[in-house]
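Comments concern the structure below.
None of the figures in this text is laboratory data; all of them are computed from the coordinates on show. If you're wondering where the values come from, they're calculated on a predicted model, not measured in any experiment. Positions of Cβ are backbone-derived with ideal geometry, glycine not excepted, and every protein chain shown enters the neighbour counts.
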Number of protein chains: 2
Amino acid sequence: MARKNAFYAQSGGVTAVINASACGVLETAREHSDEIGKVYAGRNGIMGALTEDLIDTSAESGDAIAALKYTPGAAFGSCRYKLASFQEHRAQYERLIEVFRAHDIGYFFYNGGGDSQDTAYKVSQLGAELDYPIICVGIPKTVDNDLPITDSSPGFGSAAKYLATSVREAAFDLASMSRSSTKVFALEVMGRHAGWTTAACALAADHDGAAPHVLLLPEVTFNQKPFLTKVEQTLERYGHCVIAVSEGIKGPDGKFLSASGEDAFGHAQLGGAAPVLTNLINANLGCKCHWAVPDYLQRSARHLASKTDVEQAYAVGRVAVEFATAGKNAVMPAIRRLSDAPYQWDIVEAPLSEIANQEKLLPPDFITADGFGITEAARRYLAPLVVGEAYPAFKNGLPEYVKLQNAPAPKKLKREFAV
Amino acid sequence: MARKNAFYAQSGGVTAVINASACGVLETAREHSDEIGKVYAGRNGIMGALTEDLIDTSAESGDAIAALKYTPGAAFGSCRYKLASFQEHRAQYERLIEVFRAHDIGYFFYNGGGDSQDTAYKVSQLGAELDYPIICVGIPKTVDNDLPITDSSPGFGSAAKYLATSVREAAFDLASMSRSSTKVFALEVMGRHAGWTTAACALAADHDGAAPHVLLLPEVTFNQKPFLTKVEQTLERYGHCVIAVSEGIKGPDGKFLSASGEDAFGHAQLGGAAPVLTNLINANLGCKCHWAVPDYLQRSARHLASKTDVEQAYAVGRVAVEFATAGKNAVMPAIRRLSDAPYQWDIVEAPLSEIANQEKLLPPDFITADGFGITEAARRYLAPLVVGEAYPAFKNGLPEYVKLQNAPAPKKLKREFAV
């Protein structure tokens, strides 16, 4: 293929390390200047392509690109925006082609989770569907760890490390207070459908009886009675109880627990599973409870990123470019685990068609029989993903993160396109 | 004074560095073995003294004591327990004397905030009131930073560093998402009466327009209209808005905002100021909001402690012992600031009588005219307190914290005492 420009964009909820993937893409593209000209970043994901809002990354210094490896968020902006099918919204694809042609774009890299890989897959079909040949490579990213085929998803290891660390630290706090004050602490974890992040909290427990004492996974139906019994037993035994609860747990009626707060108390956004849960405990067991909802903090805590995760995020960015220059379309670099301990991995190619819109849940053999914990198999899987520290630089006591210039590439099209 | 044993205990809400003070006390006491025999730690603060539940710290290795400098929570347990006055509950003081006499205790160190310094002050009067001579030294601690006389309180700098870092990181996340999804993020901060921790969030802003855009301090009455106008203006200007809100903000009616959630929606513990606030924004401005309540995480995040804070926490522990062996009763080591930049400080002695039950709020000249931010004077005050990193050791990807043996000292009294 003749030398072509590339498009790169970030999509969906961000992570502490998605910019490490951006760094991998941009640095590797610069090494392949024979095949790849400029890399245009889409401002706010695919929306940047549709609106011809492109960022000329060649204006960024090598140092700024390197600093992306240590910076959370999405350096070029992200989006929640799904492409309709070719049948439903052909004009959207014609617009993409118009923009790609105007900027001589022959490579398309899309960095995101399941929904975003759906976008990537659709773009990869532009050649077959609309006769615009393009090489499209998806790049995995999600704190939820729910992408199929890849052994783990970049972003997850850092969220896992943050959550397990937070559980361990909060447990030291709770144990200190429990004699005369708070006895229960519930941490609410992201991951509406898949329980990987909640399961990762269990890594905090390094000995029998250590926190967290109860996990509430979205894969397991929440039942009040056995739950309250479990909390009560834990309190009797250890004097305090730490709970990690997925935001997505559902009761036997199939409704989100946080939504049950909504029904009873009037407003959806007040809820959160953790406060509903601690209310329940307080009402039934009468002890003082605390709860935390770290929300964005758990997916942007670059100060506590997993070194393993940063390396994998960078690697999938790098390999994505290598796949592209090797002419591979409609694929995604996937992490393959070679061994648990010592942890060894490499990167293989996965077809986008098998990745898009799939959700990988916790397998049943990762969940203990009572539903409140994880098995040794789960622990073996999770343990290596949080290993290693990769601290950002600090200045005046706070982490120093890069802001790119993000200079817009001059528009070449007259026509606007509404998104 | 003849060689006497010492009592040390931790009290009130814990911090990431209260154990660094414990480390300072224990290491320094060991250096003063001519004057101080054993150090007995009270299990769960003053309750340990009343119930004769004493821990013999001489059983702990030097390495374990040193590791306290890197471990959050209260190594000997804390409590929320206030001594009544001599008049109200003389039996309580007689019991303390009984326990102190049985264990030959002549030094009393009490590590905590305003309420705890009240306990320390009362114990310091045992000589005058009940003819049991004891040297009592308070040791400052509180994430709220509301102790008087001392320039800052150990524990605050680390909470401040955690909060400012979290705001900066979450702001990168929010800015990434704001084009097509969430536009407002509210972080709820501890500190029911004093706004120091909320103010510290402003350290995240290193340039004009950087997050946080709005602070809601407990010292400033919350009014919906100017607040919504401020958020709207911020959204127009920057496309997103980050808010740091104290859990203790009150409306014009003098009621907690979180309690107004209680009235409207049915249950006290569901609330939290942040969800109430984001509901308000959503209802009035129609944009998607996220909120976080880090709760215990902000006061136990030892992984991100301020080196300055750790050093000061250790120093007040060390100096407390030096005060005691110099025969100084009813005092507390206080941090005195000598200069802002370069930051220089030393430790002076403060009378417990002037510390107990006092609350130091943000001074008016630290708050901007519109009430939504802090002044340069506040920034100059806050900036040095978060400087420096003091990472704990990590093992298998998680911070390695010490658990002491906490072997109970044999009881010498037959009589039990109910607390």
**Prompt:** With charges only on Cβ, +1 for K and R and -1 for D and E, what is the dipole size of region A:217-259 about its Cα centre, in debye, rounded to 20?
**Reply:** 60 debye
**Beta bridges per DSSP with both ends in the protein assembly as shown, % antiparallel, nearest 5** = 35 percent
**Message:** Distance between the C-alpha centers of region B:99-135 and region A:206-242? Whole Å please.
**Reply:** 39 Å
**Asked** Quick one: if you take sqrt(5λ) for each eigenvalue of the C-alpha gyration tensor of region A:44-200, what semi-axes come out, biggest first, whole angstrom?
**Response** 41, 19, 13
**Request:** Note down the relative contact order for chain A as a percent, whole number, built from C-alpha pairs under 8 angstrom at least six residues apart.
**Result:** 23 percent
**Fill in**
One finds the C-alpha centres of region A:320-358 and region B:4-21 to be spaced, in Å, by 51 Å
**Message:** From the alpha carbon gyration tensor of the protein assembly as shown, can you work out the equivalent ellipsoid semi-axes (sqrt of 5 times each eigenvalue) and give them in Å, largest to smallest?
**Reply:** 51, 27, 25
**Estimated dipole of region B:299-359 in Debye, rounded to 20 [Cβ of Lys and Arg +1, of Asp and Glu -1, Cα centre]** = 220 debye
**Message:** Please state the shape class of region B:186-252: rounded when a/c is under 1.5, otherwise prolate if a/b exceeds b/c and oblate if not, all from the C-alpha gyration tensor.
**Reply:** oblate
**Asked** Taking the Cα centre of each part, how many Å lie between region A:45-82 and region A:362-419?
**Response** 16 Å
**Positive-end residue of A:373, A:410, A:356, charge dipole of region A:340-419 with Cβ unit charges** = A:410
**Request:** Quick one: dipole size for the protein assembly as shown, taken about the Cα centre, charges +1 on Lys/Arg Cβ and -1 on Asp/Glu Cβ, in debye to the nearest 20.
**Result:** 160 debye
**Asked** In peptide A:33-45, how many Cβ atoms from other protein chains are near each Cβ within 10 Å, on average?
**Response** 1
**Request:** Among A:187, A:68, A:329, pick out the residue whose Cα is farthest towards the positive end of the charge dipole of chain A, where Lys and Arg carry +1 and Asp and Glu carry -1 on C-beta, about the Cα centre.
**Result:** A:68
**Prompt:** ³J(HN,Hα) across region B:329-336 via Karplus (A = 6.51, B = -1.76, C = 1.60, θ = phi - 60°), whole Hz, x for Gly/Pro?
**Reply:** 9, 6, 10, 9, x, 10, 7, 10
**Item:** Ranked packing of A:295-306, B:46-57, A:83-94, most packed first, by mean Cβ within 10 Å
**Value:** A:295-306, B:46-57, A:83-94
**Request:** Run the quick spin-label model on residue B:416 and residue B:90: label points 7 Å from Cα toward the beta carbon, then report their separation in nm to one decimal.
**Result:** 2.6 nm
**Prompt:** Considering the dipole of chain B built from charges on the beta carbon (Lys and Arg +1, Asp and Glu -1) around the Cα centre, which of B:102, B:401, B:152 is farthest to its positive end?
**Reply:** B:401
**Prompt:** Against the longest principal axis of chain A, how steep is helix A:156-177, in degrees 0 to 90 to the nearest 10, with axes from Cα atoms?
**Reply:** 20 degrees
**Prompt:** What net charge is computed for the residues neighbouring residue B:31, neighbours being all others with C-beta under 12 Å from the C-beta of residue B:31, Lys and Arg scored +1, Asp and Glu -1?
**Reply:** -2
